[in-house]
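What follows is a short report on a single structure.
The values are calculated or read from the model by the stated rules, or taken from the named source; none is laboratory data. Just so it is clear, the model here is predicted, and its values are computed rather than measured. Because the Cβ atoms are built from the backbone with ideal geometry, glycine has one as well, and the counts that use them run over all protein chains shown. Areas reflect the complete protein model, heavy atoms only, side chains present, ligands, DNA and RNA absent. Shrake-Rupley method; radii C 1.70, N 1.55, O 1.52, S 1.80 Å.
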Amino acid sequence: MSEITLINFLNGLCYGMLLFIISVGLTVIFGVMGVLNFAHGSFYMVGAYLALTIIEKTHNFWLALVLAPTLVGFLGAITEVLFLRLLYERDVSFQLLLTFGLLLILDDGVKLVWGAGYHSVDAPKLLAGTVNIFGTSYPVYSLFVAAAGPVVALVLWLFFTKSTYGKTIRAAAMDREMADALGVNVKAVYTAVFFLGSFLAGMAGVLAAPLRAIGPSMGDKIIIAAFIVVVVGGLGSFPGAFLGAVILGLVEAFGVQFAPKIQMALPYMLLAVILLVRPRGLLGREG
Amino acid sequence: MRKALAALLLVSLFVFPFFSEMFVLLFATEILIFSIFALSFNLLFGCTGLLSFGHAAFFGIGGYTAVLLAYHTHMGFIPILLLSAVAAFFSACIIGFFCVRRDEIYFAMLTLGFGMMVFTVVHQWRSLTGGSDGLSGFSLPELSLLFAKVSISPPKTFYFLTLFFFLATLLFLKRLLDSPFGLIIRSIRENPERSAFIGVNVSFYRWVSFVIAGTLAGVAGVLFVFYDRMASPSMVHWTMSARPVLMSILGGARSFLGPVIGAVVFYILEYIVTQFTENWMIFLGCILVPIVIFFPDGILGSLEKWIAKRRGRK
Amino acid sequence: MRKVVSVLMALLFMSTIAFAGKDTIKIGSIYIFSGFAATYGQFAKQGILLAVDEINKSGGILGKKLEVYFEDSHAKPDKALRAIRKLVFEKKVDFLVGFDSSGVAKSVVSYIKELKIPTIITHAATPDVTGKQCNKYVFRISVNINQNVMAAAKIAAKTKAVRWTTIGPDYAFGHQSWEYFQKYLKQLNPKAQFMKTVAFPKVGTEDYTPYITSIMAANPDGVFISLWSGDLINFVKQARKMGFFDKGYTILMSLGAATEVLYALKDQMPTGIWVGTRYWFLANNSPVNKHFVEAYKKKYGVYPSYNAQNAYAAVYALKYAIEKAQSTDKEKVIKALEGLAFEAPAGKIYIRPEDHQAILNVTWGKTAYDPHYPIRILKPMVIFKGDEVTPPVSATGCKME
């Protein structure tokens, strides 16, 4: 493997894992509740901005990594209780529109709090600097993000397959009425799921903060990428989100090298091809 | 009563340019253009039940075709408009063909995806589209009316031109919705499964609706680029697709004139709000959320219901 | 008889005064106030307000006070067009000042001609607006791509670098900067090679890693960077992490010496790389500059950037032109602006009547640490005379009507 291929591969993995953590939140919410959250990218953005403030105040990245996603999770839970809950009986278009309204509020809201300019934060001391891989120096922090993806995947998998809570959520996702009849508090499950999904978006935001620029439109950009990931992988599919994110991350990284002219269009071409060949996504199930 | 009101409105649309400030005239022209755009979108959303997040693709394709023709040829306004509408028509045929196979969320995502694909083409094909800088500095085409050639650059002329297309769109859509076609697409909106069951080719009718909507959006795009004197990639971005969505929801997607009312309210609100704050989007979001939750019929729809209720009581 | 005539003359004179009796001069000002270059708009606004304050305190222009309205272009041509319509038709401004993005400037100049509003561009650098797209109403008071890049090529020709590549924003400015850099460097150093691997990331790109990787993989000798503002800040931060600055490339950043960028980066800006600017606050010792830097620092707490100076100078250019014309009549002000020469903080500025482009000194320098300043400064500093780096009118493609 040449040096450039290796670096591109690592870049792709790093971005892909970031995408995975965002998309898995999106897909969990969709899988359980059937809601496609347009404001999911904005939750990611709020996570990054909260990380900015926490790191500026305390100089502690790890505190931000715990605190910011939790706050974003609560923001999501509140959203579910106050607004979305009123719309479950209605057409899905209205849920999409409601979350679009939230996107507008959050995107402009961060400008009120943090200003309209761009910000950035430094990687934590422990992960600053570069490491030598086969004679190529590469930022440690990017490797950390690339490793965070599989860890999150593992924790989520254990949660959903081994814990009672996880099993309850899966039950509610499969058959709402049956779960309700069996004594599951479906309302509470929905709120919890929204908390979890938003938590993941916020966590991706914190992880992205030292990597990328923090700005008011960062949510808009990432939500489209996350949509593509979940559609390519299969809406509601957990492994699909992982696969989709890796593919999109690599396409992005190698696109700049091999097809700079059409690099921007590649994700959409991927989307179109997948939907033509396999309309339900790579790992999605129909229905 | 209703007819009198409509007549009064119509007359004032024709008369007011002779008394108004230039600024108001330009403002009104922009509202009319976006009304056409929103009406075309609502044929899909309010009438066929398909929420598109990529409608700006056709707005942009119409607009870019018009600018390219104005740039490289000496055609008049009408031929440019027709050719641009044809371009929007064909692209709507192709994109629609793939999109109408799915509905609800999938349709929204597909249109979003295809819309952004058009955006990236516009954004990356620098040699043709000017890339992110867009295309500007072309000379406006002339409008041939019988024997005379008219310049469309004076704001008043352009206003009346836009008004003509606005009224033509209204008339056309009214006819269309009253026809059997209109009944079929509305039955598809209410219940696609049942419609399919009674023998309606659901995806075919959706496709036709998609193509008509796309073509009309292309016409709006042509008017917009000549109004703005440029075509820019923001015309094709998904945030532009969101505009007719917001307008239709605001005004009322189930009412015929809902998108128009939505466009008017959208622009007036934007104007008022931006007088004292840059953060107009947060304001818009704060209006959108309660409308979606409590007034899903929008301003006009809720008003119509309220009037019907009061009449019922009497 | 003579008496009657003189009375009539006096009446006529008074009536013209009464007619022109609008007691303010309105300036519409369009900059980027949000997004990747929000600080640029802020500095420009500060520069304008400083000039307006000074002028109004000393009695205005021809006894009229200045009034300014600001609008955000969002760095998007369509938003800028809306802003122009709002300023011209609603606020009824007499003059326009501003424009940061070349893409915006290219798109609005023909509309400005249609509206007949005298406009001074203070930042956007595309050669076209005083070149093939030039028109009677559009002036530029700042260094353009031609001038900045000609100076860059002169510096580049003296280095050992042979194989050159670029990283620039994906719009008019990035593409034209590279085009002119190649043209001029080829003339000065026929041995120079220009690589196929170039990078034009979109404005507002959040992650530059793939672009940095592809440039590093191509292994160039020299890299010409035309990213600016927030894009440049992000790029530098991410490039540091990738070890981009440790590879021994010859690096030229055409807008690296913007104080907005230097303040944001502080000691993260590497030392020893070539950076260009449209004005450098330490480049000259004239009383005008001293006064400007001191007043600006006192009022806003930071050293002025080129965007602040250009905006400040544009307001003064209008003042001098109106005083020269003894009128605020647009056509007369245009005549007065053509060939205007005046002393700005940046030094002597001469507005060439044939294409409306300002001729002024162009500063480049190498970034260096200095304990007296919170930001990187230029050491050594290289100053090019305006005539040395400005192509003749015949080469600009401008045909003024």
*If you scan the stretch B:26-44, which residues turn out to be open to solvent by 10 Å² or more (accessible area, probe 1.4 Å) and closer than 10 Å to B:PRO155 by Cβ?*
B:LEU26, B:ALA28
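Conditions (1) in contact (Cβ under 8 Å) with a residue 12 or more places away in the chain; (2) more than 10 Å from every other protein chain (Cβ to nearest Cβ), marked per residue:
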{"residue": "C:GLY47", "(1), (2)": "yes, yes"}
{"residue": "C:LEU50", "(1), (2)": "yes, yes"}
{"residue": "C:GLY59", "(1), (2)": "no, yes"}
{"residue": "C:LYS64", "(1), (2)": "yes, yes"}
{"residue": "C:LYS91", "(1), (2)": "yes, no"}
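Tell me, please, whether a residue that is polar (S, T, N, Q) and open to solvent by 10 Å² or more (accessible area, probe 1.4 Å) can be found in the stretch C:117-126.
Step one: list which residues in the stretch C:117-126 are polar (S, T, N, Q), which gives C:119, C:122, C:126.
Okay, now just the ones that are also open to solvent by 10 Å² or more (accessible area, probe 1.4 Å), so none.
Within the stretch C:117-126, none of the residues are polar (S, T, N, Q) and open to solvent by 10 Å² or more (accessible area, probe 1.4 Å).
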*Looking only at the stretch A:62-91, which residues are of a type outside the set (Val, Ile, Thr), open to solvent by 10 Å² or more (accessible area, probe 1.4 Å) and part of a helix (DSSP H, G or I)?*
A:TRP62, A:LEU63, A:LEU65, A:LEU67, A:LEU71, A:PHE74, A:LEU75, A:ALA77, A:LEU82, A:ARG85, A:LEU86
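Taking C:SER394 as the residue in question, decide whether it is more than 14 Å from C:GLY47 (Cβ to Cβ), more than 20 Å from the chain's Cα centre (by Cα) and open to solvent by 60 Å² or more (accessible area, probe 1.4 Å). Walk me through how you get there before you give the answer.
Details: more than 14 Å from C:GLY47 (Cβ to Cβ): yes; more than 20 Å from the chain's Cα centre (by Cα): yes; open to solvent by 60 Å² or more (accessible area, probe 1.4 Å): yes.
When the stated conditions are applied, C:SER394 passes them.
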_So, in the stretch A:259-278, exactly how many residues are free of Cβ contacts under 8 Å to residues at least 24 places away in the same chain, more than 7 Å from chain B (Cβ to nearest Cβ) and either closer than 16 Å to A:LYS221 by Cα or open to solvent by less than 40 Å² (accessible area, probe 1.4 Å) (or both)?_
3
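Could you please let me know if A:GLY281 is among the small types (Gly, Ala, Ser) and within 11 Å of another protein chain (Cβ to nearest Cβ)? If you could, list the steps in order and put the result at the bottom.
Details: among the small types (Gly, Ala, Ser): yes; within 11 Å of another protein chain (Cβ to nearest Cβ): yes.
Judged against the criteria, A:GLY281 is a match.
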*asked:* Suppose the filter is outside any helix (DSSP H, G or I), over 30 Å from C:ASP170 (Cα atoms), more than 12 Å from every other protein chain (Cβ to nearest Cβ) and not hydroxyl-bearing (Ser, Thr, Tyr); does B:PHE256 pass it?
replied: yes
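Residues that are under 16 Å from C:PHE139 (Cα atoms) and in contact with a His (Cβ under 9 Å, 6 or more places away or on another chain), at least 1 per element: which helices (runs of 4 or more DSSP H) completely within the stretch C:287-397 meet that?
Values: elements: C:287-300, C:306-325, C:330-337, C:386-389, C:393-396.
Counting at least 1 such residues, we get C:306-325, C:330-337.
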*Which condition breaks for A:THR58 when tested against (1) open to solvent by less than 10 Å² (accessible area, probe 1.4 Å); (2) away from chain C (no Cβ under 14 Å); (3) of a type outside the set (A, V, I, L, M, F, W, C)?*
(1)
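If a residue counts only when it is hydrophobic (A, V, I, L, M, F, W, C) and at pLDDT below 90, which helices (runs of 4 or more DSSP H) contained entirely in the stretch C:1-119 have at least 1 such residues?
Numbers: elements: C:2-19, C:38-57, C:77-85, C:102-115.
Hits in the stretch C:1-119: C:2-19, C:38-57.
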_Among (1) open to solvent by 10 Å² or more (accessible area, probe 1.4 Å); (2) farther than 24 Å from B:LEU300 by Cα - the single one B:ASP178 does not satisfy_ = (2)
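Can you confirm whether B:TRP207 is among the aromatic types (Phe, Trp, Tyr) and open to solvent by 10 Å² or more (accessible area, probe 1.4 Å)?
Details: among the aromatic types (Phe, Trp, Tyr): yes; open to solvent by 10 Å² or more (accessible area, probe 1.4 Å): yes.
Yes; evaluated as a whole, the condition is true for this residue.
Can you say whether B:ALA88 is farther than 22 Å from A:SER93 by Cα, in contact (Cβ under 8 Å) with a residue 24 or more places away in the chain, in a helix (DSSP H, G or I) and not β-branched (Val, Ile, Thr), as far as the supplied structure shows? So that I can check it myself, show each step before the final result.
Values: farther than 22 Å from A:SER93 by Cα: yes; in contact (Cβ under 8 Å) with a residue 24 or more places away in the chain: yes; in a helix (DSSP H, G or I): yes; not β-branched (Val, Ile, Thr): yes.
Yes, satisfied.
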_Whether any residue in the stretch A:213-226 is at positive phi and either more than 12 Å from chain C (Cβ to nearest Cβ) or surrounded by 24 or more Cβ atoms within 10 Å (Cβ to Cβ) (or both) is what I want to check._
no
*Would you be able to tell me the number of residues in the stretch B:234-262 that are buried (at least 22 other Cβ atoms within 10 Å of the Cβ) and of a type in the set (S, T, N, Q)?*
3
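Looking for whichever is open to solvent by 10 Å² or more (accessible area, probe 1.4 Å), among the basic types (Lys, Arg) and within 25 Å of A:PHE254 (Cβ to Cβ) here; the options are C:LYS183, C:LYS191, C:LYS237. Which one fits?
Values: C:LYS183 fails: within 25 Å of A:PHE254 (Cβ to Cβ); C:LYS191 fails: within 25 Å of A:PHE254 (Cβ to Cβ).
Checking each option against the conditions leaves just C:LYS237.
Looking for something within 11 Å of another protein chain (Cβ to nearest Cβ) and either free of Cβ contacts under 8 Å to residues at least 12 places away in the same chain or crowded, with 23+ Cβ neighbours inside 10 Å (or both) - is there at least one such residue anywhere in the stretch C:127-142?
yes
May I ask you to say which residue of A:VAL121, A:VAL145 is open to solvent by less than 50 Å² (accessible area, probe 1.4 Å), within 12 Å of another protein chain (Cβ to nearest Cβ) and not in a helix (DSSP H, G or I)? Before you say what the answer is, go through the steps one by one.
Numbers: A:VAL145 fails: not in a helix (DSSP H, G or I).
Sole residue among the options that is open to solvent by less than 50 Å² (accessible area, probe 1.4 Å), within 12 Å of another protein chain (Cβ to nearest Cβ) and not in a helix (DSSP H, G or I): A:VAL121.
Scan the stretch B:45-63 for residues that are assigned to a helix (DSSP H, G or I), touching a Gly at 6+ places or on another chain (Cβ under 8 Å) and surrounded by 23 or more Cβ atoms within 10 Å (Cβ to Cβ) and jot them down. Outline the logic, then answer.
Filtering the stretch B:45-63 for residues assigned to a helix (DSSP H, G or I) gives B:45-47, B:56-63.
Now drop any that are not touching a Gly at 6+ places or on another chain (Cβ under 8 Å), which leaves B:46-47, B:56-63.
Passing the criteria: B:GLY46, B:ALA56, B:ALA57, B:PHE58, B:PHE59, B:GLY60, B:ILE61, B:GLY62, B:GLY63.
Let me confirm something: among A:ALA201, A:ALA213, which residue is modelled with pLDDT of 90 or more and within 15 Å of A:VAL46 (Cα to Cα)? Step through it out loud before you land on a result.
On the way: A:ALA213 fails: modelled with pLDDT of 90 or more.
Only one candidate passes the filter, namely A:ALA201.
Looking only at the stretch B:263-302, how many residues end up being away from chain A (no Cβ under 14 Å) and surrounded by fewer than 17 Cβ atoms within 10 Å (Cβ to Cβ)?
So the first thing to find is which residues in the stretch B:263-302 are away from chain A (no Cβ under 14 Å), and the list is B:263-265, B:267-268, B:271-272, B:275, B:299-300, B:302.
Pick out the ones that are also surrounded by fewer than 17 Cβ atoms within 10 Å (Cβ to Cβ) and you get B:268, B:271-272, B:275, B:302.
Summing the residues that are away from chain A (no Cβ under 14 Å) and surrounded by fewer than 17 Cβ atoms within 10 Å (Cβ to Cβ) in the stretch B:263-302 gives 5.
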*Inspect the stretch C:215-224 for any residue being at the interface with chain A (Cβ under 8 Å from one of its Cβ atoms), surrounded by fewer than 17 Cβ atoms within 10 Å (Cβ to Cβ) and modelled with pLDDT under 95 and give the result as yes or no.*
yes
*Residues (within 11 Å of another protein chain (Cβ to nearest Cβ) and in a loop (DSSP other than H, G, I, E, B)) located in the stretch A:1-36*: A:SER2, A:GLY34, A:VAL35, A:LEU36
